[in-house]
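Structure, as structure tokens:
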Amino acid sequence: MRHRIDTRKLGRTSAHRGALFRNLAISLIKHGRVQTTLPKAKELRRVADHLVTLGKRNTLHTKRQAFDQLRDKQAVTKLFREIAPAFQERKGGYTRFYQLRERRGDAATIAMIEYLREDIEGFKIAGEALEPKKKSTKEKSKTKKMSPSKEAVK
């Protein structure tokens, strides 16, 4: 029975697991979304939500705690300046994940985890703006070139 077992081990040592979630959390902060396996996404959600909670308090102590977890100055700066202020009114649940597909090699379920975009103004995810894409009014005219028939060639 799994009584009082809090986290998944994911077949890794504790140091490897810590490094894995550190790298995934940094990528999530920098890019806004990450594709990984479903169990990793479920565990990353806990780490990412805790980091946003630290960012909402915005004290020197919480900045040091976040840096202790992430060890990346740029990620901590982005977390405290852009991501956490956007969630100031929200009580929790700063991330969501989608199940995308099954991986071809081992049939592992692949999921995408991302920060809730509607709460973050001006936050870019993987180089794209969050505003809905505007449809262009100009449609390219499609002209098909007719190949000359055999009779016209002779």
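Assorted remarks:
- With neighbours defined as other Cβ atoms within 10 Å of a residue's Cβ, the residues Phe87, Phe67 order from fewest to most as Phe67, Phe87.
- Sequence of His31, His61 once ranked by neighbouring C-beta atoms within 10 Å, starting from the fewest: His61, His31
- Remark: the range 35-121 carries a charge dipole of roughly 220 debye about the Cα centre, counting +1 on each Lys and Arg Cβ and -1 on each Asp and Glu Cβ.
- Ranked list, fewest to most other Cβ atoms within 10 Å of each Cβ, for Ser14, Ser27: Ser14, Ser27
- Formal net charge of residues neighbouring Arg17 (Cβ-Cβ distance under 11 Å; K, R +1; D, E -1): +4
- Signed unit charges on C-beta, dipole axis of the range 35-121, positive-most listed residue Thr37, Leu100, Leu116: Thr37
Where a number appears in this text, it was derived from the coordinates with a stated rule and is not lab data. None of the values given here were measured: they were computed from a predicted structure. Note that we place each Cβ from the backbone using ideal geometry, even for glycine, and neighbour counts take in every protein chain shown.
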